[in-house]
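Asks: Handing you a structure now.
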Amino acid sequence: MSFAFWSAADTVRRVAAGEVTAAQIVETMLERIAAIDGQLGAYLAVDAIGARAAAADIDRRRAAGQPIGPLAGVTLALKDVLVTRGVATTAGSKILQGWIPPYDACVVERLRAADAIVVGKVNCDEFAMGSSTENSAYQPTKNPWNPARVPGGSSGGSSAAVAAGLCAASLGTDTGGSIRQPAAFCGVVGLKPTYGRVSRWGVVAFASSLDQVGPVTRTVADAALVLQAIAGFDPRDSTSLDQPVPALADALTGDVAGLRIGLPQEYFQAMDDDVRAAIARTASALVERGAEIVDLSLPHTELALPAYYLIAPAEASSNLARFDGVRYGQRAAAGDLTEMYARTRGAGFGPEVKRRIMLGTYALRSGYYDAYYKKAQQVRTLIKRDFDKAFRYCDVILTPTTPTPAFAFGAKATPYDMYLADVFTLSCNLAGLPGISVPCGLSGDGLPIGAQLLGKPLDEATLLRAAQVVEAAVGLGDRRPPIGGAA
Amino acid sequence: MPALTRKEVEDIALLARLHLESDELERMQGELAAILDHFQTLAAVDTADVPAMTHAVPMDLRLRADVSEPSLPAETALAAAPRRSGDLIVVPSSIAPPGKSGTGTEP
């Protein structure tokens with residue numbers, strides 16, 4: 001029996017019904033990782049002992065007639081910026097090499113409490129800074145649809161592992177598109193919740209006003225299932241929203257009749273022809289099922305990229321000050337304390353992280369703050385106002401997730417070229433909105449294309465409802481990537 | 001905006017407590033200048049009456065009660081320190097020892 005491509009929802013049902021044990025699922029998954037991940041490079045660490053123990057505990061309780069959780073038997077891979085008790089957590093950086101955290105992030109606690117089985121930690125761009133996972137200090141991760149292409153980033157390991165059936169679901173983080181862009185590149189579903197919906201406690205911080213944790217899954221229903229388990233108030237995160245989380249599975253009605261879908265003209269300028277055609281088919285499919293299309297404008301869209309690449313590095317330069325070689329991680333030899341800080345950081349951080357720390361320090365320094373950081377935060381208000389106005393006329397906004405399908409390794413010649421890969425995703429973070437990428441077809445050369453839906457704050461339910469209709473109408477169905485998915 | 005000088009790049013690296021080798025400084029000078037050039041579009045935007053955003057979603061920052069709560073045991077918290085002595089983390093001196101004009105040395 002192959003469990004590899006069962007949905008999380010299916011897995012939970014079958015484990016609860018006794019059709020399969022959690023132990024069987026874990027053994028199959030560990031075998032697959034051992035057999036297939038050498039071609040992909042998705043995993044940085046596999047926690048076989050922890051996964052087997054969690055599975056045995058679920059099977060024991062089920063056999064004894066005791067309750068099991070809503071994710072019982074679901075194998076989960078965690079992006080390596082999520083702090084995990086007893087399992088190496090590197091954030092894709094050499095500076096944290098060898099660090100074994102003494103606690104679990106809030107989302108990890110909640111997943112374990114729901115009986116999800118953590119099978120390991122997956123690769124990402126260093127400190128989640130990047131759009132291709134090429135910035136990982138450890139290894140490249142290949143796209144399972146074409147190993148010459150990147151899986152996207154920064155949650156590239158999450159998307160590649162889910163697409164190739166090396167876990168049932170994964171958690172990523174999204175600061176400017178880092179869940180949605182790799183999900184689009186790998187043909188899976190990626191959801192960034194509303195800012196504040198999911199606790200950031202125990203997430204290695206990149207840009208605190210933008211970071212959110214969210215699910216990467218093979219189906220929209222699974223995204224709802226995993227989000228349900230991790231969402232909700234956590235007093236340990238000062239920006240966690242104390243708002244009720246609705247029953248998300250109930251939102252998946254398959255009905256979009258009367259739903260108003262906004263198409264912002266600014267997102268339909270420069271893009272690949274296959275992407276343009278796929279989004280047009282997606283819009284048509286929604287209209288055929290009763291949705292209305294509303295043409296609209298988000299006039300400050302072109303300012304999102306420069307605003308984001310000032311705000312995110314500024315916050316990163318502050319957040320990453322903690323990596324100084326004192327309390328954990330690597331330490332470089334030096335004669336005095338200041339030199340120790342500088343040498344530890346110089347040796348431990350990779351080129352993109354250094355670039356962003358420098359950029360952020362530049363933007364925040366005395367005399368430049370008003371011209372850069374404050375200006376960018378004012379522009380951010382303008383971008384938010386654009387969305388507030390747009391959502392008076394529509395319920396969700398439809399755009400491409402990315403301008404092109406997955407690009408080749410080394411294809412982006414300059415740092416700024418790489419930043420442009422996020423051009424359609426980062427406004428959502430600046431405005432704090434929920435966003436989802438759902439597969440909407442393959443390009444002419446067989447690479448997945450993602451449709452992005454953006455919703456009103458806290459309205460993940462409508463987003464998921466619309467996304468599931470897109471999935472049913474123009475999704476990939478049973479098509480699997482050549483790596484991992486071959487029969 | 002004036003072009004970024006080598007001295008400015010060195011100053012920023014010092015502020016960031018980031019040791020950069022000579023070739024890194026040179027590369028960084030060109031890369032940062034190119035990136036900052038793209039940010040010029042922001043300068044042209046009229047933001048005279050626009051407040052800076054502090055939170056994307058309306059929220060009141062909370063303060064927790066000023067009482068002690070359970071936390072990591074000292075041994076657990078100290079376990080990952082690169083160098084320690086008992087319950088203390090050891091770092092190189094930050095103050096020049098008496099009689100020396102330079103900076104301190106690692107004990």
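Coordinate-derived values only; no laboratory data. Just so you know, these numbers come straight off a predicted model, no measurement behind them. Using ideal geometry, Cβ is built from the backbone for each residue, glycine included, and neighbour counts are taken over all protein chains shown.
Asks: Could you say whether any residue in region A:432-443 is over 29 Å from A:Leu40 (Cα atoms), part of a loop (DSSP other than H, G, I, E, B) and out of contact with any strand residue (DSSP E or B) (no Cβ under 7 Å at 6 or more places or on another chain)? Break it down into steps so the answer makes sense when it comes.
Replies: From region A:432-443, those over 29 Å from A:Leu40 (Cα atoms) are A:432-434; that's our starting set.
Next, from what is left, pick out any that are part of a loop (DSSP other than H, G, I, E, B): A:432-434.
From what is left, the residues that are out of contact with any strand residue (DSSP E or B) (no Cβ under 7 Å at 6 or more places or on another chain) are A:432.
Within region A:432-443, one or more residues are over 29 Å from A:Leu40 (Cα atoms), part of a loop (DSSP other than H, G, I, E, B) and out of contact with any strand residue (DSSP E or B) (no Cβ under 7 Å at 6 or more places or on another chain).
Asks: Suppose we filter A:Ala451, A:Ala472 for residues that are among the small types (Gly, Ala, Ser), farther than 22 Å from A:Ala42 by Cα and part of a helix (DSSP H, G or I); which single one remains? Let's see the steps before the verdict.
Replies: Values: A:Ala451 fails: part of a helix (DSSP H, G or I).
Checking each option against the conditions leaves just A:Ala472.
Asks: Additional query: Do you know which of the residues in region A:351-397 that are closer than 17 Å to B:Val9 by Cα and of a type in the set (Gly, Ala, Ser) is farthest from the other protein chains (Cβ to nearest Cβ)? Show your work before the answer.
Replies: So in region A:351-397, the residues closer than 17 Å to B:Val9 by Cα come out as A:351-369, A:372.
Narrowing the set further to residues that are of a type in the set (Gly, Ala, Ser) leaves A:360, A:363, A:366-367.
Details: A:Gly360: 8, A:Ala363: 9, A:Ser366: 10, A:Gly367: 12 Å.
Here the answer is A:Gly367.
Asks: What helices (runs of 4 or more DSSP H) completely inside region A:319-428 contain at least 3 residues that are within 30 Å of A:Asn143 (Cα to Cα)?
Replies: Details: elements: A:337-348, A:351-364, A:375-390, A:415-419.
Filter on region A:319-428 gives A:351-364, A:415-419.
Asks: Output the residue which, of all residues in region A:35-77 that are β-branched (Val, Ile, Thr) and in a loop (DSSP other than H, G, I, E, B), is surrounded by the fewest Cβ atoms within 10 Å (Cβ to Cβ).
Replies: Per the stated criteria, the residue is A:Ile68.
Asks: Restricting the search to region A:331-346, which residues are touching a helix residue (DSSP H, G or I) at 6+ places or on another chain (Cβ under 6 Å) and more than 7 Å from chain B (Cβ to nearest Cβ)? Step through it out loud before you land on a result.
Replies: Keep residues of region A:331-346 that are touching a helix residue (DSSP H, G or I) at 6+ places or on another chain (Cβ under 6 Å), which gives A:331-332, A:334.
Within region A:331-346, A:Ala332 is the sole residue that qualifies.
Asks: Taking region A:426-454 on its own, how many of its residues are within 14 Å of A:Gly190 (Cβ to Cβ) and either surrounded by fewer than 24 Cβ atoms within 10 Å (Cβ to Cβ) or not hydroxyl-bearing (Ser, Thr, Tyr) (or both)?
Replies: Within region A:426-454, the first condition is being within 14 Å of A:Gly190 (Cβ to Cβ), and the residues that meet it are A:428-429, A:434-440, A:448-454.
Applying the additional criterion that residues be either surrounded by fewer than 24 Cβ atoms within 10 Å (Cβ to Cβ) or not hydroxyl-bearing (Ser, Thr, Tyr) (or both) yields A:428-429, A:434-436, A:438-440, A:448-454.
Within region A:426-454, residues that are within 14 Å of A:Gly190 (Cβ to Cβ) and either surrounded by fewer than 24 Cβ atoms within 10 Å (Cβ to Cβ) or not hydroxyl-bearing (Ser, Thr, Tyr) (or both) number 15.
Asks: Can we say A:Ile293 is more than 8 Å from chain B (Cβ to nearest Cβ), touching a helix residue (DSSP H, G or I) at 6+ places or on another chain (Cβ under 8 Å) and part of a helix (DSSP H, G or I)? Give the derivation first.
Replies: Numbers: more than 8 Å from chain B (Cβ to nearest Cβ): yes; touching a helix residue (DSSP H, G or I) at 6+ places or on another chain (Cβ under 8 Å): yes; part of a helix (DSSP H, G or I): no.
So A:Ile293 does not fit the description; no.
Asks: Only one of these is surrounded by fewer than 24 Cβ atoms within 10 Å (Cβ to Cβ), within 25 Å of A:Pro405 (Cα to Cα), in contact with a Gly (Cβ under 9 Å, 6 or more places away or on another chain) and of a type in the set (Asp, Glu): A:Asp237, A:Asp255, A:Asp274. Name it. Before the answer, list the steps.
Replies: Numbers: A:Asp237 fails: within 25 Å of A:Pro405 (Cα to Cα); A:Asp255 fails: within 25 Å of A:Pro405 (Cα to Cα).
After ruling out the rest, the residue left standing is A:Asp274.
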